[in-house]
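Everything below concerns the one structure shown next.
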Amino acid sequence: METISKETFERVRKYSLAAEKPERFQHSLRVAETAKRMCEIYGQDPDKGYFAGMAHDMCKDLDDATLVSLAGHDGMEITGVEKKKPALLHGRAAAVKLQRDFGVDDVDIIQAVAMHTLGGPDICPLAKIVFAADKIEPGRPQSSEEYLDRLFSMSLDELVLCVVEENMDYLRKRGKEIAPSSFRFRESLEKSLGRC
């Protein structure tokens with residue numbers, strides 16, 4: 001690994017293994033593999049994709065107060081949606097933890113981990129990949145090999161837009177609130193694809 005030493009990788013892996021419920025850690029490994037595969041397809045660093053995928057949920061099982069406290073150190077506002085549901089802050093909290101406790105300073109990895117839940121406008125390709133990988137890894141009910149093959153035949157922005165729209169439909173059907181940043185994310189993808 002270029003930007004992440006083997007020692008840092010192993011420390012983060014061990015922390016994630018201890019901090020996450022067993023089924024969540026298995027999800028994280030599937031996200032890591034999916035992100036690595038997507039990085040190979042879309043010309044990004046597969047090692048960074050694997051690392052960010054493995055680390056993305058390292059704070060998911062923390063209590064609300066700890067999530068708010070950690071995420072509050074990233075310099076961004078905690079939105080109304082995040083205040084109502086602090087679990088949405090787990091990516092931002094993990095990004096802070098990676099920087100503070102593990103010395104990770106790769107801006108793409110930090111953004112990918114921080115933004116994997118809600119996405120956001122103008123995020124880097126690695127962040128788009130980890131956002132999508134989290135929602136399409138093979139443990140997800142819709143993620144058959146045919147489904148993944150269809151997505152992986154698209155451009156990265158087309159794939160991510162498809163995943164964002166599926167995710168919004170999922171939330172709508174369950175009567176859940178969609179974060180404003182998700183709408184901005186969709187708009188920025190549509191703009192980059194010339195659909196606005």
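Here the stretch 8-67 yields Rg over Rh of 1.03, to two decimals, using C-alpha coordinates and the Kirkwood radius.
Over all directions, the projected convex hull of the C-alpha atoms in the stretch 1-104 averages 6.8 nm² in area. Applying the Karplus relation 6.51 cos²θ - 1.76 cosθ + 1.60 with θ = phi - 60° to the stretch 29-40 yields 3J(HN,Hα) values of 5, 5, 5, 4, 5, 5, 5, 4, 4, 5, 4, 5 Hz, where x marks Gly and Pro.
Spatially, the stretch 168-196 and the stretch 3-62 are offset by 25 Å when compared through their Cα centroids. The HN-Hα couplings worked out from phi for the stretch 121-138 by the Karplus form 6.51 cos²θ - 1.76 cosθ + 1.60 (θ = phi - 60°) are x, 6, 7, 6, x, 5, 5, 4, 5, 5, 4, 5, 4, 4, 9, 10, 4, x Hz, whole numbers, x standing for Gly and Pro.
Checking the cross-link pairs 85/176; 48/85; 36/135; 14/48; 84/176 against a 19 Å limit on the alpha carbon distance flags 48/85 as lying beyond it.
With viscosity 0.890 mPa s and temperature 25 °C, the Kirkwood radius over alpha carbon pairs of the stretch 119-196 converts through Stokes-Einstein to a diffusion coefficient of 190 µm²/s. Computed on the chain, with alpha-carbon pairs under 8 angstrom and 6+ residues apart, the relative contact order is 19 percent. What is the sum of charges around residue 159, taking Lys and Arg as +1, Asp and Glu as -1, for the other residues whose C-beta is under 10 Å from the C-beta of residue 159? For residues surrounding residue 159, the net value is 0.
Each residue of the stretch 8-25 is assigned a 3J(HN,Hα), and the resulting list reads 5, 4, 5, 4, 5, 4, 5, 4, 4, 4, 6, 7, 9, 4, x, 5, 5, 4 Hz, derived from the Karplus form 6.51 cos²θ - 1.76 cosθ + 1.60 (θ = phi - 60°), x at Gly and Pro.
For residue 191 and residue 87, FRET efficiency with R0 = 30 Å and r from the beta-carbon atoms, rounded to 0.05? For R0 = 30 Å, the calculated efficiency reads 0.50. Each principal axis of the Cα cloud of the stretch 49-162 was evaluated for its coordinate range; sorted largest first, these ranges are 41, 29, 24 Å. What translational D, rounded to a whole number of µm²/s, comes out for the stretch 80-121 from Stokes-Einstein when the hydrodynamic radius is the Kirkwood one over Cα pairs, at 20 °C and 1.002 mPa s? Here the translational diffusion coefficient equals 203 µm²/s. With contributions of -39500 (n - 2.57) from each DSSP H run of at least four residues, the per-residue ellipticity at 222 nm computed over the chain stands at -20500 deg cm²/dmol. Solvent exposure of the chain amounts to 49 Å² per residue of accessible area, where only protein heavy atoms count and the probe is 1.4 Å.
Whole-percent P(r), the chain, all Cα pairs, 5 Å bins from 0: 1, 8, 17, 21, 22, 17, 10, 3, 1, 0.
Counting every C-alpha pair in the stretch 103-152, the share spaced more than 18 angstrom apart comes to 39%.
The values are calculated or read from the model by the stated rules, or taken from the named source; none is laboratory data. Everything numeric in this text was worked out from a predicted model, so none of it was measured. Quick reminder, even Gly has a Cβ in these numbers, built from the backbone with ideal geometry, and neighbours come from all protein chains shown. Protein only, heavy atoms only, side chains kept; ligands, DNA and RNA dropped before computing areas. Shrake-Rupley method; radii C 1.70, N 1.55, O 1.52, S 1.80 Å.
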